[in-house]
Amino acid sequence: MSVKDIKKTNLPIDPRSAILLLFIANVVGFMQDSLLVEFATFTALTILLVYCGCVRQGLKWGLIFGLVLALQYHIFLIVPPFVAASFTVLFVYIRKMLPCLMIGTIIVRKIHMRYLLLALRKWRVPQKLIIPLSVTLRYFPAIKEEIMHIRDAMKLRRINGIERFECLVVPLIVSAAGTAEELAAAAVTRGIDNPVKKTSAVDIRFSPIDYISLAAGVLLVGAAFCL
Amino acid sequence: MIKIHNVSFGYTQEEQILKNIDLHINKGECVLLCGKSGCGKTTVTKLINGLIPHFTDNCRLEGTVTVEGKNVAETQIYELAEKIGSVFQNPKSQFFNLDSDTEIVFGLENAGASPDFIDERLRVTTKTLNIEKLRRRSIFSMSAGEKQSLAFASVYAMNPHAYVLDEPTANLDEGAIEVLRAQIGKIKEEGKAVLIAEHRIYFLMDLIDRAVFMEKEEIVRIFTREAFLALSEDERIKMGLRTLGKKSVCSFPHIPGHSAEALTVKNLCCKIKENIIFEKLSFSVKSREILGITGSNGAGKTTLLRCIAGLIKQSEGELLLDGRPLKKKERSRLCYLIMQDVNHQLFSDSLWNECELSRTEAEEAKIEEVLRQFDLSELKHSHPMALSGGQKQRLAIAAGVLEDKKIVLFDEPTSGLDYEHMLAVSATIKGLAQKGHIVIIVTHDTEFLRCTCNRTIVL
């Protein structure tokens, strides 16, 4: 859903394996209880990020991971216990979430919505779920645009404090209702509710990287349960 | 091809939107549907693409509409979708996807066409409509004209037999209108039936075979192209139609008497994320003067307005009022912007409250006066969303006037307006200028520019 133009349509990784990896990352992140597994997961994901072309994001997550570890294992030993205690929960959760966030980065940055929906269709997720999902995803960037306009309008009026929230919501709902109707009209006049099996101009296929990353994922799940 | 036979329609059982409509459109024929706002033009287009009655519950529909012999009311809307292509007014909200390629093939994928066929259509569409520069783009990076072109392409890809277009030029500049004109010419050559509901009609004059004039729910007269072009200027104005030729009889109003106060823009330059939107722009506007700014879609007109209004910072240059440089904050205190979509700037649950929002201390007399001035006092307890487009716009202006804004900026104030409403907006704006405001208008509407502005600059 990048706002920039789509230069390349070829995917670094199949959306289906990305979705599976998201689940795996969840399981590993929350089940593991060993620094070794955590490091292995982190390293594997960093390699995957770099492979997918998210080098800067890889560095960013690496920095965060290193910072959290340093704080927990070095700084927290010398600060007063109540400070350490109040931050420990936060840091533990950051560490557990990290694998999901890293996979999420790949999905958001590298996999276009069209391919995600295609993946769901291949898994035979019913149209009744896919259509509302795609409308929702379609609508997020539109909301962002609208909020920008509304905030501009507020800046030119003397609207302050608590009023601002109310003043954001009213026009947003009004224009959302209009947009929803127009969007629906555009979709039905192009046959979105046609019951025939939908086709796709693009296709997705598993490549070696998908098998490798899924195998690594399975291994890490095993390790998370055993170690 | 398309047969509308004795149709009367209302969204509710009591309401009357259309009365005894009879219209046949043949293959290869291009028909213009014209008339004042609210005469039922859009409703006629919906009869054909099936949004009526499939999308209107509890409506009252008498008579029959058939497309290629199929009764619209009894045909599933997805079946109609393969025969009839629809292009709508608002380029922003007619996309279902976020990138151009997916959007172009969307209809074909829905219909279950084979990937090879889809590829072929994508290639043909790109070539015939000459839209190579639209391919592989995010729709958020497109100008209004490009979006409308894409909307047309995505319909063209499905290769329908008939097209209905509902005010497709409402948000377009002259260049984009020219592109659309060429596209309509192409489909006409291919023998498709085309129905266009429009206010801005000058660009269609070479294309249409007939013009259907509607007034108050009914078809009043059907003109041949020759008869339509032979309409005198007086007849056209009486019918409430926009100009038929590119030049309009409205003349430039004379420049008002000199006054000292002026907004001066000096060497202004604006960047958004390193992209130069415009640079070295200089001009000045006096109070009581109306300055028009025009230019193609994506030339940076809206950015310029936002910069003047202090919503974004300039990267170079300065803005001065009476020779005194203005900071960003000061500009947003002095300026008021009437947005293209006024829904974004109406915040309250009644007209009165909307006005009170502007005044920190309640000055009821002042609010009364301003509401009366904008012809809104009878509606003061209604909800802003219950107003018509023109009333909403006047309310937005009233709110700005109540905040004592010196500079009033307008972004496309006449998109989708008929002749009468366009003149009404023009009169409102002239009234503001007479009261001593500095007015700057950004618009594509040349007819409106000629009637309203003292001076025009092209960006």
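Computed quantities for the displayed model
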| read-out | value |
| --- | --- |
| Positive-end extreme of charge dipole, the stretch A:57-168 - chosen from A:ILE147, A:GLN127, A:LEU63 (charges on Cβ) | A:GLN127 |
| Relative contact order (%) - criterion: Cα under 8 Å, at least six apart; region: chain B | 16 |
| Pairwise Cα inverse-distance average, inverted: Kirkwood Rh of the stretch A:55-119 (Å) | 13.7 |
| Cα centroid of the stretch A:25-79 to Cα centroid of the stretch B:117-151, whole Å | 43 |
| Neighbour net charge for B:HIS54 - beta-carbon separation under 12 angstrom, K R +1, D E -1 | -3 |
| Net charge dipole size for the stretch B:85-212 [Lys, Arg +1 and Asp, Glu -1 on Cβ; Debye, nearest 20] | 80 |
| Pairs of Cα atoms farther than 21 Å apart, the stretch B:324-459, % | 41 |
| Shielding of A:179-186 by partner chains, average beta-carbon count, 10 Å | 6 |
| Carbon/sulfur fraction of accessible area - the protein assembly as shown, other protein chains in place, 1.4 Å, % | 58 |
| Using distinct alpha-carbon pairs, which all enter the 1/r mean, Kirkwood radius of the stretch A:1-122 in Å | 15.8 |
| Whole-Å distance, taken between Cα centres, linking the stretch B:313-385 and the stretch B:258-307 | 21 |
| Dipole magnitude of the stretch B:380-421 about its Cα centre (Cβ charges: Lys, Arg +1; Asp, Glu -1), debye to nearest 20 | 220 |
| Average partner coverage of B:108-120, which counts Cβ from other chains inside 10 Å | 5 |
| Evaluated at q = 0.19, 0.21 Å⁻¹: base-10 log I(q)/I(0), Debye formula over Cα of the stretch A:70-227 | -1.20, -1.32 |
| Accessible area of chain B divided out per residue, in Å², using a probe of 1.4 angstrom | 40 |
| The protein assembly as shown - mean residue ellipticity at 222 nm from DSSP helices (-39,500 (n - 2.57) per run, n ≥ 4, rounded to 500) | -15000 deg cm²/dmol |
| Accessible area buried, both sides summed, chains B and A with 1.4 Å probe, Å² | 5200 |
| Shielding score for B:158-168, defined as the mean number of other chain Cβ atoms within 10 Å | 1 |
| Shape metrics for chain B, restricted to C-alpha atoms - Rg then Dmax, Å | 23.6, 70 |
| Helix B:144-156 vs. chain B, principal-axis angle (Cα, 0 to 90°, nearest 10) | 10 |
| Dipole-positive endmost among B:GLY185, B:ALA396, B:GLY175 within chain B (Cβ charges, Cα centre) | B:GLY175 |
| Bridge type composition, the protein assembly as shown - antiparallel percent by DSSP, nearest 5 | 50 |
| Amide hydrogen neighbours beyond the local backbone of B:ILE290, cut-off 5 Å, H modeled | B:ASN454, B:ARG455 |
| The stretch A:126-203 - Kirkwood radius from inverse mean 1/r over Cα pairs (Å) | 15.0 |
| DSSP-defined beta bridges in chain B - what % are antiparallel, rounded to 5 | 50 |
| Charge dipole magnitude, Cβ of K and R +1, D and E -1 - the protein assembly as shown, Cα centre, debye nearest 20 | 2040 |
| Selection from B:VAL285, B:ALA365, B:HIS421 lying farthest towards where the dipole of chain B points positive, charges on Cβ | B:VAL285 |
| Over the stretch B:302-364 - Rg/Rh using Cα atoms and the Kirkwood inverse-distance radius | 1.07 |
| Cα long-axis angle, helix B:174-189 against chain B (0 to 90 degrees, to the nearest 10) | 10 |
| Axial C-alpha extent at least 15 Å, average Kyte-Doolittle at least 1.6 - helices from chain A (DSSP) | A:15-31, A:35-51, A:208-226 |
| Over 17 Å [Cα-Cα, the stretch B:80-164], rounded percent | 41 |
| For the stretch B:375-436, alpha-carbon Rg relative to the globular expectation (2.2 N^0.38 Å, N residues) | 1.13 |
| Principal-axis tilt of helix B:419-434 within chain B, Cα atoms, nearest 10 degrees | 10 |
| Cα-based convex hull volume of the protein assembly as shown per residue, rounded to whole Å³ | 192 |
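The values are calculated or read from the model by the stated rules, or taken from the named source; none is laboratory data. All figures in this text were calculated on a predicted structure; none of them were measured in a lab. Quick reminder, even Gly has a Cβ in these numbers, built from the backbone with ideal geometry, and neighbours come from all protein chains shown. Keep in mind that these areas ignore ligands, DNA and RNA; they rest on the heavy atoms of the full protein, side chains included. Shrake-Rupley method; radii C 1.70, N 1.55, O 1.52, S 1.80 Å.
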